[in-house]
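Notes to accompany the following structure.
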Amino acid sequence: MRFRLNGKQVDVRAPAMKRLLDVLREDCGLTGTKEGCGEGECGACTVLLDGQAVNSCLVPFGQVRGRSVKTIEGLRGRHPLQDAFITEGGAQCGICTPGMIMAAAALPPNATLDQVRVGLAGNLCRCTGYMGIYRAVKKAQGSGLKAQARTRAKAGTNRTQKAAR
Amino acid sequence: MLHGRTIRSTIPCGRIRSINLTSDPAGFTVVDYRSIPGRNVVALIADDQPCLAERVVRHYAEPILLLAHEDRERLITAEVDVQYEPSEPLLDPLRSPNVFKSIAIHKGDLEAGFARADEIVEGEYRVGHQEHVYIETNGVIAVPGDGAVTVYGSLQCPYYVQKALRVMLGLPAERVRVVQAETGGGFGGKEEYPSIVAAHACLLALKSQRPVKLIYDRAEDMVATTKRHPAIIRTRTGVTREGRLTAIDIDVLLDGGAYMTLSPVVLSRGVIHATGPYRCDNVRVNGRVVMTNTPPNGAFRGFGAPQTQFAAEVHMERIAERLGMDPVRLREMNALRAGDTTATGQVLGRDTSALAVLREAVARTDFKRRRREMRGTRRGLGLALFFHGAGFTGSGEVRLASKASLELTERGARILVASADMGQGSRTVHAQIVAETLGVPYEAVEVARVDTASVPDSGPTVASRTTMIVGGLLERCAAEMRRTLGRLTPREYLKRHGPIVITKQYEAPTTAVFDEDTYTGDAYGTYAWACDVAEVEYDPVTYEIRPVHITAVQEIGRALNPMLAAGQIEGGTAQGVGYALLEEVVMRDGHMANAQLTNYAAPTTMDTPRIDVVIQERPYRHGPFGAKGLGELPFDGVAPAIANAVRHLGFDVRALPLTPERIMNAPPVRKPK
């Protein structure tokens, strides 16, 4: 079955009814995606399917043909969310963290606290009481915006330079 | 690698007539009690629990047979036919004649105390099971060696597992190696149960001579593993018209389930905390934990104290209601102060902060004014004052005699302890303690993997003891290492004198004497103190209670890492919100009927209110840099604070969780005479 996995075209042989969660962990060797309940309640197995957060324990592998799957391993380098989860106490035991970060990555960039709460309502965390997670998302939003601003500023400089030439 | 599976009883009580694997047995490794080379027990306090049932089952989901197979699908679909002769199960703890442990605390003269009272307030309070819902279920991998075995697992107490395996396998310690894998949450749920998972995986691994992976799915984890003890608490209190407590008489009954596990120690902590943080000269607490034909209950954050302090704080609220008195004033009048004695006669030190946390919580939330303003609205405001003793109860720490070691490295030092980091951040805090004491940068301190082959037994990772007790041992190790180094850098010292490892063992602060026969003396080295204020809103149509805001003021000696400390308080508070409002284990015929996250509701983002944390610091002189234990305290007071906010709305609630059904059926709070 051909699909895009973390930005790369891949071809994986696995039964069509196998859970995407198991295909990722066992056939693709990507163990960052976790299983917490196997019934779509806890969100530990959250991945992005065509940019939308889904529970990979509820997705039969057959459904990903030709689509794009992004897992925690696909956040290249250190994503601002990952940094913010570390510095703001967004992660304690860590088992919900990959799914939580993927769900947070699917939020609109300027999500309000209420939008964050609704957006993360499908992801259980038993350690933090969610407060550290909200702080982390907010901080990442801030640094994400700064990063965008930097990119824009850089692009602006380039244009100016080009114009000068 | 083989996958393992546990075949469990489907009745709560009876005899096993026959066991038959009805599927094609090709490729299966099958283990029953006859394959156990040592003793068929899960060694803990009493060796009463079999590793695998022999002829009798005493609870639903009791392990009977173990299977392993290379092909997971074949393993899951394999059928085993177990025939039973069922017998009548004992499910009601009030009718159980089998007492695992009873404890009595006596202080002063109870009759004289009641004689001096103007009012006597009585009540019964009930709490049910609570499931841990660590997001990572129980699981281990066992790897067989030459007459030895290595276990990698999600666990809190590597040396508990090692001891259980030694007894069950009949092997010496050096042939049983236990390694803690990164652990996805514990909360007490991985204190004693991993010994069973590890034992089963080892039996399969030794029989097949192949590595075996035994991971529970969520349903199995919920139906079979330990839970918080249900409790029935009856309280009778004498009080003067002005609000002084003259006598407290408490009866605590815990449902232990089918085997003893850690129940006696849970009961011990429960009865010691049963009065709440209040002064009273005349106290009697009678506690007992009894056997029922239900899956054994065990450790869970708070360890008996949340049950009894729920009763204590709702009861205090009822006393205030009866006297027509301000609940804050009643608590101020009776709160324990430095120099007061607890129910066990422990004289409290200068780090006694009941009044300080109460006043801060009341001031910060503008409690009295806002409570008046909310009267007649759909909002309610309530508070709970509570405390938690850190470390093992009584002489437990002396008996444990934990050790911690510190090894000098080229850059600094390497910590060798058996403390399992399961999210609380113990590795970080231990490294901070060592770096600060040794005078090296934090980055120069490493923490060794928790592996019984290389770290000493620093005791279990439980009882809010990892910073206060184990951190204290590391502080002593680092102080001695600093003296040993003198002016030399670690690199220079190693070059001149060679490697050093410094080990320290627990020594009781001289003041801590506890008599376990009379239950008198210093029950804990010290206590941490807290006051929670809960604001709730109720829906008059659905009777749902929505928590709006919780303010948690907690005095913890010293917050060595304020971010991690706040994380413990926020997380413990959220678990308490679940206990108060949502989490109900439905027991039907001795088994959990709602063993799924679909219908056992742990709090999501939408169920968890805003939590404001206020940390107060009054250093404990025997804790590292003044730190007290913190992990469990935040859980203890949330449910009574929420229940008291619901009482403020006019509902006389005395049992948890506060589901819409309970609220709808609650009688109104009676107005004072």
When you check B:Ile11 against the structure, is it in a loop (DSSP other than H, G, I, E, B), open to solvent by 20 Å² or more (accessible area, probe 1.4 Å), among the β-branched types (Val, Ile, Thr) and over 16 Å from B:Val82 (Cα atoms), yes or no? no
Would you mind finding the one in B:Leu355, B:Leu330 that is in a helix (DSSP H, G or I), aliphatic (A, V, I, L, M) and closer than 23 Å to B:Arg558 by Cβ? B:Leu355
Can you say whether B:Gly349 is in contact (Cβ under 8 Å) with a residue 60 or more places away in the chain, outside any helix (DSSP H, G or I) and open to solvent by 10 Å² or more (accessible area, probe 1.4 Å), as far as the supplied structure shows? yes
Which one of these is in the same structural domain as B:Thr365 (by TED's automatic domain parsing) and free of Cβ contacts under 8 Å to residues at least 60 places away in the same chain: B:Val541, B:Val553? B:Val541
Scan the stretch B:483-494 and report the pairs whose first residue is over 11 Å from B:Ala413 (Cβ atoms) and whose second residue is basic (Lys, Arg), with Cβ atoms within less than 8 Å and a gap of 6+ or a chain change. B:Leu488/B:Arg496; B:Arg491/B:Arg411
What number of residues within the stretch A:90-115 are within 8 Å of another protein chain (Cβ to nearest Cβ) and open to solvent by less than 20 Å² (accessible area, probe 1.4 Å)? 2
Scope the stretch B:370-418; condition among the aliphatic types (A, V, I, L, M) and not in a strand (DSSP E or B); matching residues: B:Met374, B:Ala390, B:Val398, B:Leu400, B:Ala401, B:Val417, B:Ala418
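Residues checked against (1) in a loop (DSSP other than H, G, I, E, B); (2) more than 30 Å from B:Pro603 (Cα to Cα); (3) of a type in the set (Gly, Ala, Ser):
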position	(1), (2), (3)
B:Val143	no, yes, no
B:Asp146	yes, yes, no
B:Tyr160	no, yes, no
B:Met168	no, yes, no
B:Glu182	yes, no, no
B:Lys190	yes, no, no
B:Lys207	no, yes, no
B:Arg210	yes, yes, no
Within the stretch B:561-583, track down each residue that is surrounded by fewer than 22 Cβ atoms within 10 Å (Cβ to Cβ) and over 23 Å from A:Glu88 (Cβ atoms). B:Leu582
So, of the residues in the stretch B:584-611 that are surrounded by fewer than 19 Cβ atoms within 10 Å (Cβ to Cβ) and of a type in the set (D, E, K, R), which turns out to be farthest from the other protein chains (Cβ to nearest Cβ)? B:Asp589
Between A:Gly43, A:Gly7, A:Gly38, which is within 12 Å of chain B (Cβ to nearest Cβ) and either among the basic types (Lys, Arg) or surrounded by fewer than 24 Cβ atoms within 10 Å (Cβ to Cβ) (or both)? A:Gly38
Those residues that are open to solvent by less than 10 Å² (accessible area, probe 1.4 Å), more than 7 Å from chain B (Cβ to nearest Cβ) and either among the small types (Gly, Ala, Ser) or not in a helix (DSSP H, G or I) (or both), I need them from the stretch A:124-139; list them, please. A:Ala136
Mind checking which residues of the stretch B:538-560 are more than 13 Å from every other protein chain (Cβ to nearest Cβ), among the hydrophobic types (A, V, I, L, M, F, W, C) and open to solvent by 10 Å² or more (accessible area, probe 1.4 Å)? B:Val541, B:Ile545, B:Val548, B:Leu560
Are there any pairs with C-beta distances below 8 angstrom linking a residue in the stretch B:413-429 that is within 11 Å of chain A (Cβ to nearest Cβ) and open to solvent by less than 10 Å² (accessible area, probe 1.4 Å) to a residue that is in a strand (DSSP E or B) and at pLDDT 95 or above, with the two at least 6 apart or on different chains, and if so which? B:Ala420/B:Gln180
Out of B:Arg322, B:Arg288, B:Arg329, B:Arg350, report the one residue that is on the phi < 0 side of the Ramachandran plot, in contact with an Asp or Glu (Cβ under 7 Å, 6 or more places away or on another chain) and basic (Lys, Arg). B:Arg322
Restricting to the stretch B:498-510, count the residues that are surrounded by 13 or more Cβ atoms within 10 Å (Cβ to Cβ) and of a type in the set (Ser, Thr, Tyr). 2
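Okay, residues lined up against (1) in the same structural domain as B:Gly188 (by TED's automatic domain parsing); (2) among the basic types (Lys, Arg); (3) buried (at least 20 other Cβ atoms within 10 Å of the Cβ):
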{"site": "B:Ile76", "(1), (2), (3)": "yes, no, no"}
{"site": "B:Asp81", "(1), (2), (3)": "yes, no, no"}
{"site": "B:Val99", "(1), (2), (3)": "no, no, no"}
{"site": "B:Ala104", "(1), (2), (3)": "no, no, no"}
{"site": "B:Arg116", "(1), (2), (3)": "no, yes, no"}
{"site": "B:Gly123", "(1), (2), (3)": "no, no, no"}
{"site": "B:Thr137", "(1), (2), (3)": "yes, no, yes"}
{"site": "B:Val143", "(1), (2), (3)": "yes, no, no"}
{"site": "B:Val151", "(1), (2), (3)": "yes, no, yes"}
Specify the residue that is most open to solvent (accessible area, probe 1.4 Å); the eligible residues are those in the stretch B:184-207 that are within 14 Å of chain A (Cβ to nearest Cβ) and in contact with a Cys (Cβ under 9 Å, 6 or more places away or on another chain). B:Phe187
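One line per residue, one yes/no per condition, for (1) modelled with pLDDT of 95 or more; (2) outside the structural domain of B:Val347 (by TED's automatic domain parsing); (3) outside any helix (DSSP H, G or I); (4) surrounded by fewer than 21 Cβ atoms within 10 Å (Cβ to Cβ):
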residue	(1), (2), (3), (4)
B:Thr467	yes, yes, no, no
B:Leu473	yes, yes, no, no
B:Ala478	yes, yes, no, no
B:Arg482	yes, yes, no, yes
B:Arg496	yes, yes, no, yes
B:Cys531	yes, no, yes, no
B:Val536	yes, no, yes, no
Report the residue count in the stretch B:91-146 for those that are away from every other protein chain (no Cβ under 14 Å) and touching a Cys at 6+ places or on another chain (Cβ under 7 Å). 1
Conditions (1) open to solvent by 20 Å² or more (accessible area, probe 1.4 Å); (2) in contact (Cβ under 8 Å) with a residue 12 or more places away in the chain; number of the one not met by B:Ala26: (2)
Matching option when the condition is modelled with pLDDT of 95 or more and open to solvent by less than 40 Å² (accessible area, probe 1.4 Å), among B:Ala390, B:Ala453, B:Ala384: B:Ala384
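Let's see how each residue does on (1) open to solvent by less than 10 Å² (accessible area, probe 1.4 Å); (2) touching a Lys or Arg at 6+ places or on another chain (Cβ under 6 Å); (3) in contact (Cβ under 8 Å) with a residue 12 or more places away in the chain:
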| residue | (1), (2), (3) |
| --- | --- |
| B:His229 | yes, no, yes |
| B:Thr240 | no, no, yes |
| B:Gly243 | yes, no, yes |
| B:Ala258 | yes, yes, yes |
| B:Val271 | yes, no, yes |
| B:Gly276 | yes, no, yes |
| B:Arg279 | no, no, yes |
| B:Val283 | yes, yes, yes |
Over the stretch A:60-89, the set of residues assigned to a loop (DSSP other than H, G, I, E, B), away from chain B (no Cβ under 14 Å), modelled with pLDDT of 95 or more and open to solvent by 10 Å² or more (accessible area, probe 1.4 Å) is A:Arg65, A:Gly66, A:Arg67
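The values are calculated or read from the model by the stated rules, or taken from the named source; none is laboratory data. Quick caveat, the model's predicted, so the values are computed rather than measured. Positions of Cβ are generated from backbone atoms using ideal geometry, with glycine treated the same way; all protein chains shown enter the neighbour counts. What goes into the accessible areas is simple: the full protein's heavy atoms, side chains included, and nothing from ligands, DNA or RNA. Shrake-Rupley method; radii C 1.70, N 1.55, O 1.52, S 1.80 Å.
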